[in-house]
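Asker: One structure, pasted below without further comment.
The values are calculated or read from the model by the stated rules, or taken from the named source; none is laboratory data. Bear in mind that the values here come from a model prediction, so they are computed numbers and not experimental data. With ideal geometry, Cβ positions are generated from the backbone for all residues, glycine too; neighbour counts draw on all protein chains shown.
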Amino acid sequence: MIGPNKNIRAARYGMTIDVDRCSGCGACMVACAVENNVPPANPKATDRTGLTWIRVYKIDNGLPYPETRSAFVPVLCQHCGNETPCVHVCPQQAVEVDPATGVVGEMPQRCLGCRYCVAACPYHARYFNWWDPKWPAGMEKTLNPDVTPRMRGVVEKCNFCHGRWHAAKQQAAADGKPDTEPVEYTPACAEACPTKAIRFGDLNDPASEPAQAAKNGESFRLLEKLDTGSKIYYRSKREWVRQIANAPHPAASGKESFHG
Amino acid sequence: MKSTRRDLFKFTGGAAVGALLSPAPWRLVTDTALWSETWPGVPRPATGEIGAKYTNCSMCPAGCAVRARTVNGQPVALMGVAEHPFSHGVLCPFGLAGHHLPYHPARLKQGPVAEAKAAAMEALAKCGKGERAAVLDLRPGRTASWTYRRALAQWTDAAYLAPPRTLGGVVAVNLAAAKIVLSFGAPVLDGWGTLGNAIAARDGFRLIQAETVESRTAVLADVWLPIRPGSEVALARAIAGLLRKEDNSSLQAAASQTGLREEQIVEVARELAANRPALVLDSQERSEILALNQLTGSLGRAIVTRRETPVPDSWKKAAAETELDAVADRSIRLLLIDESVPGAYVPWSAIERKLVADNPVVVAFAWSRGGYGRHARFVLPTAVYPEGVDDIPPAVDSPLAMFRLSNALVPAPAGVVNPAEFVAGLAGISASDALRERSDAIAKTGRGTLFTYADAKSARAKDVKPDDFWKALNQGACWMDDPPPRTEIPKLASRRATAPAAADDLPFAVVMADAYALPCSPILSKVYQESNLRLAANRAALHPSAAGDCGVKDGCRAMIETRSGKLEVLVTLDAAVPKGVVQLAAAASTLELFASSARAKVVRI
Amino acid sequence: MDKEFIARGVKRCSTGKFLLWIVPWAALLAFGLYAAALVLVKGLNQTNMDNRFAFGLWIFLDLTVIALGAGAFFTGFLLYILKIGELRAVINSAVVIGLVCYSGAVCVLAVDVGQPLRAWFTFWYPNVHSMLTEVTFCISCYLTVLAIEYVPIVLKNRKLREVPSFLVFEFELHKLIYVLAGVGTFLSFFHQGSLGGLYGVLRGRPFAFREGLAVWPSTFFLFILSAAAVGPSFVLLTTWLVEKISRKKLVKPEVFGLLGRISGLLLSVYVIAKTVDTLIWINRTSPESGFPAAQYYSWQPFGTWILFAEIGLLGLVPALMLLSPKLRAHTGWLVAAAAMACCGVALNRFVMTVQTLALPTLAFDRYLSYFPSWQEVGTFLAVVAFGVLVYSVSFRYFQLFPSERELKMQVK
């Protein structure tokens, strides 16, 4: 958190995700879990009670086989910049938007576990610890010292790898760079993506890929009409992918349209 | 002046009020929250010096270069080496969590080593006429493989067995040379060769993926041909006929079997002809399909002969590789299976036939239960990926020979066994220096380039002394061969086609999803259990109409029954799976069952 | 055996019979406490809630019981502020119901959160923008007010009255009753509204999101209105039930009619307001978020029938029934209408909590279903049992119905 120093040049970290390049491999999901000390699933966990700070969904064009065509969409916290839904609803200010980075940060240590923010998030990017986190014996040795493991009963979500931002800040300070400039770093998911479909950068820096994607007419954000100010810009040349990004199209009612 | 009791009260009262006006008590109140923040049972990550170690990932033959972030020497995260000229800094989801494997709950740490050794020696002594010892090596081409072959050369008639493969040994694939790739289900972009190489080469070729269910590769392909299960060979025949400009008899048959339109098949053939060299791949390496490469100009360009990574001359006296089918039934008395590193799966039913009827000794070397450990008499624990030092044979898509070591980033537990040294011990040959010997042999040839990871520098091998060569390999490096002086047009081995499954009345055709699912870190629950991104080994995917036909619901338990056995699964309803097809993950349990039959029945439990 | 604790002039069943009544409810309470203990010890994985159904049975019940318990503040408001004297007959009963509802809701909330030990964080780090902060503050304060209002009822017990200091204390407390009623009304206004505001502010859930006045979405006002409307109905319902179970006349028949009329009036206003709000939501609010309203009702089983059931069948119909003097005169119709009104409000709370979460927001989401686990049902049953036990003890030993003695003598 910055103090009242007005000379700080704030960053607005964001991402551009190329849906046409995503192979749905899941490397981002694994790298995120490794970086952020997310525990492996409890044996009883399902896809509705898991902890997947970034989750890749499989979408399709709604046509029957063999006209079906699929795509993969990684969804993570969109770090909403406009009246962030989760920030407004938390009863004890456990969520805040960092003005220096634009990152929506969650404080698991202050979280009461009321799950109001989980209900408020339209992207379902917030995850609750339904169980005590448990690692197989010995695997705690592989935990990342830069990230605190959470406990049960609290909510957690993507924070654009805050530990890495911190390390970058410390490195910048050690290198003698001024404290008022934003730092460059890469979150685990963007680093791990084999096809480089996920690219991270500062939206305030016009040269960065996310900033360019934001201006690009081909880019779209999820649920744009909700006007949440999401900082994740998706790209695809396929029209059906772009349409799915907005309001739910009424799939055959009564049928659970399953995917990803 | 005398202080009275009143003074004391005044002092205490004033101090209390003053304290309340200070931050102290309020801080203390909030600090009580610490008790709820540090819950017993939540581990605290160890802090310490951050460092880096380099190695190569041995979870599959791609052997991607790995940089491990270490804390006090313990790896806490893995990432690729960005400057690596072949893997380009890419790791797959399995490799990203490889450092968890030593702590896998199914990890074996102890085993009956002495008994196994005794039983093996006894079996060797008992070997009668027509009986033999054999080693089944699931990942041939390693230095350990040479040790097995040298050991087996000491015994009469001993057999060195490896999973049959057409591509990946002497014959390799050069993706960068292909202008178009027609893949019959081979997961080109998701686990087939070296992921980083496939992605880097992707923009250079057009990809046509022919398979029943749209896989990850098909999603990114330029064209997905949705063909009915079991129609791949018919399609290949039709394309061959078109390329040879023969009559159209096979075209009609192919259209009706695959479900494609004739124009679609003609278009594919046209594209192959117009974009030479056109590479044709098949997930099952069927000869009829791979033979298309002879018509598409890829032999010698996209499919090349690869020189073997050099070995010391003294090793040349070694048993040759034998195919399992070529071994007489009921003739193996001692079978040693090295499944310490994942490789292609050979179904147990095929192996079991070759074992003698009375008391065969089967020793499986594995790092976890679940593979051949279920069938072997002895299971001996081995080191697992970041613990063991082993070399990784070059991947199927590396046109040049490679030599790289998977280094020990953490120590292996005390009870583990080195399979190569065990077998060498049985044969009375020495193997503990095998890797060093091979490294020296390579360095001495003066061929090739050595790329070291720590400094991302390349050096010609002839400029590096053998000692430094060995040292570099142990600290994270990769040797890549020079291109051979002349291109040899490779010959594709013709494999005996497996007998087509008897026409079955069972309602579902079985299709495998994903490459052979690697045994991997528990953190992969993110993709297998906490999301439906990858199909877990205990799940079967069916079209939602199956809910009506078989009475199954999403998430319910069911039995997949075939003529060879049955398997309990959890059902996933997926509209992407066509009707009449059940999709399973390729794992030891499923590959065991669907060895001979590709049709099944689904029964709700 | 405990006759000295029972007020003079009224008859209560024998101690043995009373215990027979108490025992099964106590057993149910014990079972429910066990279920709650399981959740507290093992964690919220004991429930069937998940990341999509972050709220389930408990939140739905919390909202419903708080709406039903609104009779406490509203009756107090009508009696002490608007001086409608006939309601003195039911005010004590309403206070007990309110106390039971609110304390039950607070207990369930303590089990519903992941870290109950951190409950005080809301008071320490309050977020002025959050409706839930407001709810927490107001409900805690109001529970205190209810407890204070309950004390005189307890202290008026025949035996306790013999302690002079209790009598003095109760007398002094009674002087504050108008203040308490006023504070209670003020607090209730806000927390009933904030409970509605909880859902109305969710921009990310266009099914629940409503436009409104300044920071308050329309659901804020609709919840207050519906709570005020259903409070008297629930008081009516419980009084009738207690009369039936105890086989006594407890209030004058005019009181029922009065409660029904008040409820009917407010319910009608509520139905009109709700209809206007729904039309605005269907035609403007929801489409502007990119979600055409018709699509919400395409997901079975929650078709448009649920909308019509909530506003029409269980809203307009009971309102008209309660407004009609002829129907009000018949206890049968009156009670039925009151029950329907209560169900309507419960349905409204259900729609706001459960249906909101069931509906997908992202196009590649699924429509989801949820069914509570036995631990959740058990905890809810514990609240019901707790309510019955407290009410039974209060009915037996305290004078909940001042008119009872008078009516008993009239019968004689």
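Asker: For segment A:6-21, does any single residue satisfy the condition of being in contact (Cβ under 8 Å) with a residue 60 or more places away in the chain, facing chain B (nearest Cβ under 9 Å), in a helix (DSSP H, G or I) and under 20 Å from residue A:221 (Cα atoms)?
Answerer: yes
Asker: Within segment B:436-479, can you find the residues that are acidic (Asp, Glu) and not in a helix (DSSP H, G or I)?
Answerer: Within segment B:436-479, just B:455 meets the criteria.
Asker: Okay, next question. Of all residues in segment A:124-146, count the ones that are in contact with a strand residue (DSSP E or B) (Cβ under 6 Å, 6 or more places away or on another chain) and outside any strand (DSSP E or B).
Answerer: Residues flagged as in contact with a strand residue (DSSP E or B) (Cβ under 6 Å, 6 or more places away or on another chain) and outside any strand (DSSP E or B) within segment A:124-146 amount to 5.
Asker: For segment C:164-178, does any single residue satisfy the condition of being touching a residue at least 12 places away in the same chain (Cβ under 8 Å), on the phi < 0 side of the Ramachandran plot and within 19 Å of the chain's Cα centre (by Cα)?
Answerer: Looking for residues that are touching a residue at least 12 places away in the same chain (Cβ under 8 Å), on the phi < 0 side of the Ramachandran plot and within 19 Å of the chain's Cα centre (by Cα), one finds none in segment C:164-178, hence no.
Asker: Sort out which residues of segment B:349-373 are aromatic (Phe, Trp, Tyr) and out of contact with any helix residue (DSSP H, G or I) (no Cβ under 6 Å at 6 or more places or on another chain), and write them in order of number.
Answerer: Once the filter is applied, which keeps residues that are aromatic (Phe, Trp, Tyr) and out of contact with any helix residue (DSSP H, G or I) (no Cβ under 6 Å at 6 or more places or on another chain), segment B:349-373 yields B:367, B:372.
The rows are residues; the columns are (1) in contact with a helix residue (DSSP H, G or I) (Cβ under 8 Å, 6 or more places away or on another chain); (2) within 14 Å of chain C (Cβ to nearest Cβ).
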position: A:117; (1), (2): yes, yes
position: A:123; (1), (2): no, yes
position: A:127; (1), (2): yes, yes
position: A:142; (1), (2): yes, no
position: A:148; (1), (2): no, no
position: A:161; (1), (2): yes, no
position: A:166; (1), (2): no, no
position: A:175; (1), (2): no, no
position: A:179; (1), (2): yes, no
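Asker: Just give me the residues in segment C:275-311 being within 28 Å of the chain's Cα centre (by Cα), touching a residue at least 60 places away in the same chain (Cβ under 8 Å) and within 17 Å of residue C:218 (Cα to Cα), in sequence order.
Answerer: C:277, C:280, C:281
Asker: Only residues that are in a helix (DSSP H, G or I) and over 25 Å from the mean Cα position of the chain (by Cα): list them for segment C:108-154, please.
Answerer: Answer for segment C:108-154, where residues must be in a helix (DSSP H, G or I) and over 25 Å from the mean Cα position of the chain (by Cα): C:117, C:118, C:121, C:124.
Asker: In segment B:201-210, how many are under 30 Å from residue B:580 (Cβ atoms), surrounded by fewer than 24 Cβ atoms within 10 Å (Cβ to Cβ) and within 14 Å of chain A (Cβ to nearest Cβ)? Quick ask: steps written out before the conclusion?
Answerer: Step one: of segment B:201-210, the residues under 30 Å from residue B:580 (Cβ atoms) are B:207-210.
From what's left, surrounded by fewer than 24 Cβ atoms within 10 Å (Cβ to Cβ): B:207-208.
Subset that is within 14 Å of chain A (Cβ to nearest Cβ): B:207.
Matching residues across segment B:201-210 total 1.
Residue-by-condition table, conditions (1) under 27 Å from residue B:489 (Cβ atoms); (2) small (Gly, Ala, Ser); (3) in a helix (DSSP H, G or I); (4) within 14 Å of chain A (Cβ to nearest Cβ):
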site	(1), (2), (3), (4)
B:140	yes, no, no, no
B:144	no, yes, yes, no
B:147	no, no, yes, no
B:150	no, no, yes, no
B:168	yes, yes, no, no
B:176	yes, yes, yes, no
B:199	no, no, yes, yes
B:219	no, no, yes, yes
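Asker: Kindly indicate whether residue C:22 is exposed (fewer than 15 other Cβ atoms within 10 Å of the Cβ), touching a helix residue (DSSP H, G or I) at 6+ places or on another chain (Cβ under 7 Å) and more than 14 Å from chain A (Cβ to nearest Cβ). Walk me through how you get there before you give the answer.
Answerer: Details: exposed (fewer than 15 other Cβ atoms within 10 Å of the Cβ): no; touching a helix residue (DSSP H, G or I) at 6+ places or on another chain (Cβ under 7 Å): yes; more than 14 Å from chain A (Cβ to nearest Cβ): yes.
No; evaluated as a whole, the condition is false for this residue.
Asker: Within segment B:533-566, work out how many residues are in contact with a Leu (Cβ under 7 Å, 6 or more places away or on another chain), more than 14 Å from chain A (Cβ to nearest Cβ) and modelled with pLDDT under 90.
Answerer: Adding up the residues that qualify gives 3.
Asker: Please go through segment B:294-311 and give me each residue that is under 12 Å from residue B:169 (Cα atoms) and either without any contact (Cβ under 8 Å) to a residue 24 or more places away in the chain or of a type in the set (Ser, Thr, Tyr) (or both), ordered by number. Write out each step before concluding.
Answerer: So the first thing to find is which residues in segment B:294-311 are under 12 Å from residue B:169 (Cα atoms), and the list is B:303-309.
Those that are under 12 Å from residue B:169 (Cα atoms) and either without any contact (Cβ under 8 Å) to a residue 24 or more places away in the chain or of a type in the set (Ser, Thr, Tyr) (or both): B:305, B:309.
Asker: I would also like to ask the following. Suppose we filter B:40, B:93, B:23 for residues that are within 12 Å of chain A (Cβ to nearest Cβ), within 30 Å of residue C:120 (Cβ to Cβ) and either crowded, with 22+ Cβ neighbours inside 10 Å or not polar (S, T, N, Q) (or both); which single one remains?
Answerer: Being within 12 Å of chain A (Cβ to nearest Cβ), within 30 Å of residue C:120 (Cβ to Cβ) and either crowded, with 22+ Cβ neighbours inside 10 Å or not polar (S, T, N, Q) (or both) holds for just one of B:40, B:93, B:23, which is B:40.
Asker: Additional query: Filter segment A:33-90 down to the residues that are more than 10 Å from chain B (Cβ to nearest Cβ), over 17 Å from the mean Cα position of the chain (by Cα) and surrounded by 22 or more Cβ atoms within 10 Å (Cβ to Cβ) and list them by number.
Answerer: Once the filter is applied, which keeps residues that are more than 10 Å from chain B (Cβ to nearest Cβ), over 17 Å from the mean Cα position of the chain (by Cα) and surrounded by 22 or more Cβ atoms within 10 Å (Cβ to Cβ), segment A:33-90 yields A:89, A:90.
Asker: From B:61, B:45, which residue is within 13 Å of chain A (Cβ to nearest Cβ), assigned to a loop (DSSP other than H, G, I, E, B) and not β-branched (Val, Ile, Thr)?
Answerer: B:45
Asker: Could I ask something else about it? Pick from segment C:205-220 the residues that are part of a loop (DSSP other than H, G, I, E, B) and more than 21 Å from residue C:55 (Cβ to Cβ): which of them is nearest to the other protein chains (Cβ to nearest Cβ)?
Answerer: Across segment C:205-220, the extreme among qualifying residues is C:215.
Asker: Still on this structure, I have one more. Out of the residues in segment C:176-204 that are assigned to a helix (DSSP H, G or I) and touching a Pro at 6+ places or on another chain (Cβ under 9 Å), state the one that is surrounded by the most Cβ atoms within 10 Å (Cβ to Cβ).
Answerer: At the first step, the residues of segment C:176-204 found to be assigned to a helix (DSSP H, G or I) are C:177-200.
Now narrow it down to the ones that are touching a Pro at 6+ places or on another chain (Cβ under 9 Å): C:177, C:196-197, C:199-200.
On the way: C:177: 16, C:196: 31, C:197: 27, C:199: 26, C:200: 27.
My answer is C:196.
Asker: If I filter segment B:65-76 for residues that are under 26 Å from residue B:170 (Cα atoms), at pLDDT 95 or above and more than 14 Å from every other protein chain (Cβ to nearest Cβ), do I get at least one hit?
Answerer: Within segment B:65-76, not a single residue is under 26 Å from residue B:170 (Cα atoms), at pLDDT 95 or above and more than 14 Å from every other protein chain (Cβ to nearest Cβ).
Asker: While we're on this one: Taking residue C:173, is it assigned to a helix (DSSP H, G or I) and surrounded by fewer than 20 Cβ atoms within 10 Å (Cβ to Cβ)?
Answerer: Against the criterion (assigned to a helix (DSSP H, G or I) and surrounded by fewer than 20 Cβ atoms within 10 Å (Cβ to Cβ)), residue C:173 qualifies.
Asker: For residue B:190, which of the numbered conditions (1) modelled with pLDDT under 90; (2) in contact with a Ser or Thr (Cβ under 7 Å, 6 or more places away or on another chain); (3) not in a loop (DSSP other than H, G, I, E, B) fails to hold?
Answerer: Exception for residue B:190: condition (1).
Asker: Of a type outside the set (Val, Ile, Thr), farther than 19 Å from residue B:395 by Cβ and either out of contact with any Pro (no Cβ under 7 Å at 6 or more places or on another chain) or more than 10 Å from every other protein chain (Cβ to nearest Cβ) (or both): is that true of residue B:51 in this structure?
Answerer: So residue B:51 passes the test.
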